[in-house]
Amino acid sequence: MFIPLPRYPKVKRDVAFTVDAGIPAEHLERTIRESATELLRSVELFDIYEGEQLPGGKKSVAFALEFMSLERTLTDVEIEAAVGRVVAGVEKAHGAVLRSMR
């Protein structure tokens, strides 16, 4: 079966949050999906860190986010707004703090 390649480019952003160690990564992923717009195509957990660089009882959880429109190339403003919605949703729902974003 032939599946055509997407006409428009995908955009990846990585975000890492510092959260209480007892919060499962799956809860964060669910909140990311619920907070995002229809432009979010995939969410992939790629790192969980607990160590001396973080306060006790905290962990860092990092996700790769992939955004794409089926209708056009996304602008920087659209991408930043979509990522901003995700960050705000996770911060509000889980008391998370954004640790890094690339």
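No value in this document is a laboratory result; all are computed from the given coordinates. Note that the structure is predicted; figures quoted are calculated from it, not measured. Virtual Cβ from ideal backbone geometry, glycine too; neighbours counted across all protein chains shown.
Quick check on the stretch 21-36. Is at least one of its residues free of Cβ contacts under 8 Å to residues at least 40 places away in the same chain and closer than 29 Å to Leu5 by Cβ?
Taking the stretch 21-36 as the starting set, the residues that turn out to be free of Cβ contacts under 8 Å to residues at least 40 places away in the same chain are 21-22, 24-26, 29-30, 33.
Now restrict to residues that are closer than 29 Å to Leu5 by Cβ: 29, 33.
Taking every residue of the stretch 21-36 in turn, at least one turns out to be free of Cβ contacts under 8 Å to residues at least 40 places away in the same chain and closer than 29 Å to Leu5 by Cβ.
Within the stretch 1-83, which strands (runs of 3 or more DSSP E) (wholly inside it) include 2 or more residues that are of a type in the set (Asp, Glu)?
On the way: elements: 11-20, 40-49, 58-67.
Filter on the stretch 1-83 gives 11-20, 40-49.
Scan the stretch 31-43 and give yes if some residue there is of a type in the set (Gly, Ala, Ser), surrounded by 13 or more Cβ atoms within 10 Å (Cβ to Cβ), out of contact with any helix residue (DSSP H, G or I) (no Cβ under 6 Å at 6 or more places or on another chain) and farther than 22 Å from Ala81 by Cα, otherwise no.
Residues of the stretch 31-43 of a type in the set (Gly, Ala, Ser): 35-36, 42.
When the remaining residues are screened for being surrounded by 13 or more Cβ atoms within 10 Å (Cβ to Cβ), the result is 35-36, 42.
Of the ones still in play, those that are also out of contact with any helix residue (DSSP H, G or I) (no Cβ under 6 Å at 6 or more places or on another chain) are 42.
Filter again for farther than 22 Å from Ala81 by Cα, leaving none.
No, the stretch 31-43 contains no residue that is of a type in the set (Gly, Ala, Ser), surrounded by 13 or more Cβ atoms within 10 Å (Cβ to Cβ), out of contact with any helix residue (DSSP H, G or I) (no Cβ under 6 Å at 6 or more places or on another chain) and farther than 22 Å from Ala81 by Cα.
Kindly provide the set of residues from the stretch 63-87 that are under 10 Å from the mean Cα position of the chain (by Cα) and of a type in the set (Val, Ile, Thr), ordered by number.
Val83, Val86, Val87
In the stretch 51-78, how many residues are surrounded by 13 or more Cβ atoms within 10 Å (Cβ to Cβ) and under 23 Å from Gly95 (Cα atoms)?
First pass over the stretch 51-78, keeping only residues surrounded by 13 or more Cβ atoms within 10 Å (Cβ to Cβ): 54, 58-69, 74, 78.
Next, only the ones that are under 23 Å from Gly95 (Cα atoms) stay: 54, 58-65.
Residues meeting the conditions: 9.
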